[in-house]
Amino acid sequence: MRTSQALLSAVPLVLNILVISSSIQAQATRTWVSGVGDDVNPCSRTAPCKTFAGAISKTARGGEINVLDPAGFGAVTITKSITIDGTGTFAATLGSTVNGIIINITDAADLAKTVRIRGLSLNGAGSGLQGVKVIAASKVVIENTVIDGFRDGVGVAVVGAAQVFIKSTVIRNNSGAGIIVASAGNQVAISDVAVIFNGTGLATSAGGTIVSFRNNIIYGNKKDGEPTSSLMQR
């Protein structure tokens, strides 16, 4: 009888171990998305996921999501160090009425807190909020990306303490600021970037700093200066 009771009491522990082991195994260092994928897949190259949100849960911290073919892969909230790379394809995110990409890494175990966004097209479809909204991170790199049509908000909004490097990117047709750097501790470096046809080109406030500005085009924006209170509240 005691042996049976001991075995029964051990069953929940064994099940928990199996669940944890399965969860760990499910996270790969490199995952893949495709327009004909499915988020129930393991996000491997031969069985890709369909959205960035589906792939990120199956990608290990510090890993990379790659794009197999041209498609739209949906808005995503990033809560761990990761790279999303659409280089070589037309990798798009439609951010109608929402934020395209939110970066909010608060896990103390994630020491790097680093995000790389490369080769994407973020489209606000005339009603999006922010193209990329950085709430919490250590380092963020945005490269070779187009951020367009976030008419209810901002192209890139850095609202939490972070170092952000934006390179070879076009930020256009956003009704708010092309780039807004808000609150003390934020540092943004901008290189080979076109900020065009936005409501405000560049805006800083409350100690946010643009620490480097090289070989950029600022053109056709309605104004450049401090953001309005409505921009800060989004």
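Just so it is clear, none of the values below were taken in a lab; they were calculated from the coordinates. Owing to the predicted nature of the structure, the values given are computational and were not obtained by experimental measurement. Here the Cβ is made from the backbone with ideal geometry for all residues, glycine too, and neighbour counts use every protein chain on show.
Computed on region 74-233, with alpha-carbon pairs under 8 angstrom and 6+ residues apart, the relative contact order is 16 percent.
Using θ = phi - 60° in the Karplus curve 6.51 cos²θ - 1.76 cosθ + 1.60, the 3J(HN,Hα) couplings for region 99-109 round to 7, x, 9, 10, 10, 8, 9, 10, 5, 5, 6 Hz; x is entered for Gly and Pro. Listed by chain and number, the aspartates and glutamates placed with their C-alpha closer than 20 angstrom to that of LYS80 are ASP39, GLU64, ASP107, ASP110, GLU143; residues fewer than eight positions away on the same chain are left out.
Quick one: order LEU120, LEU129, LEU111, LEU68 by neighbouring beta-carbon count within 10 Å, fewest to most. The partial results should precede the final answer.
Values: LEU120 29, LEU129 22, LEU111 11, LEU68 17.
Fewest-to-most ranking of LEU120, LEU129, LEU111, LEU68: LEU111, LEU68, LEU129, LEU120.
Relative to the Cα centre, what is the charge dipole magnitude of region 74-233, using +1 at the beta carbon of each Lys and Arg, -1 at the beta carbon of each Asp and Glu, and rounding to the nearest 20 debye?
Working: 12 positive and 9 negative charges, 20 e Å.
Computed about the Cα centre, the dipole is about 100 debye.
Based on Cα coordinates alone, diagonalise the gyration tensor for region 110-175, multiply each eigenvalue by 5, take square roots, and list the semi-axes in whole Å, largest first.
Numbers: eigenvalues 89, 35, 14 Å².
Three semi-axes, in Å: 21, 13, 8.
Cut-off 11 Å, label point 7 angstrom out along Cα-to-Cβ of PHE197: give me the residues of region 172-186 whose amide nitrogen falls inside. Label zone hits: 172-174. Scanning residues 5 or more positions from VAL141 or on other chains, those with amide H under 5 Å from its amide H are VAL115, ARG116, ILE117, PHE165, with H placed 1.01 Å from N in the peptide plane.
Using only alpha carbons, build the gyration tensor for region 74-233 and give me the equivalent ellipsoid semi-axes, biggest first, whole Å. That gives 20, 18, 15 Å for the three semi-axes.
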